[in-house]
Amino acid sequence: MAIQHAHGLVLTVLTAVAALAVLGAPPILLLLLPPMAACVMLAAVLRDSAT
């Protein structure tokens, strides 16, 4: 089920990174956000496949 919503999650992450860049967030935050979001998406996919 989570795979069907992956494109929406990726778009949300990219929008969040762009918004933080416009607001002047430190570069380290912009580098850490996508990998953390990827871990969350992977966990959601694995949790759905386990049930």
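The numbers here are math on the coordinates, done by the rules we state, and not lab data. All values derive from a computational prediction rather than experimental measurement. Neighbour counts are summed over all protein chains in view; Cβ atoms, including those assigned to glycine, are modelled from backbone coordinates with ideal geometry.
For P(r) over Cα pairs in 10 Å bins from 0, in percent, several values are listed as (1) 25, 45, 23, 7, 0; (2) 27, 48, 20, 4; (3) 26, 57, 17; flag the one computed from this structure. Looking at P(r) over Cα pairs in 10 Å bins from 0, in percent for this model, the match is (1). Packing, as the average of other Cβ atoms within 10 Å across residues, places the peptides 24-33, 39-48 in the order 39-48, 24-33, highest first. The sum of -39500 (n - 2.57) across all DSSP H runs of n ≥ 4, divided by the residue count of the chain, sets its helix-only mean residue ellipticity at 222 nm to -28000 deg cm²/dmol. Against the chain, whose longest principal axis comes from its Cα atoms, helix 6-22 is set at around 10 degrees.
Rounded to the nearest Hz, the phi-derived 3J(HN,Hα) couplings of the stretch 32-48 under the Karplus curve 6.51 cos²θ - 1.76 cosθ + 1.60 (θ = phi - 60°) are 8, 5, x, x, 5, 5, 5, 5, 5, 5, 5, 4, 5, 5, 5, 5, 5, where x marks glycine and proline.
Computed from label points 7 Å out along Cα-Cβ, the spacing between Met36 and His5 is 2.0 nm.
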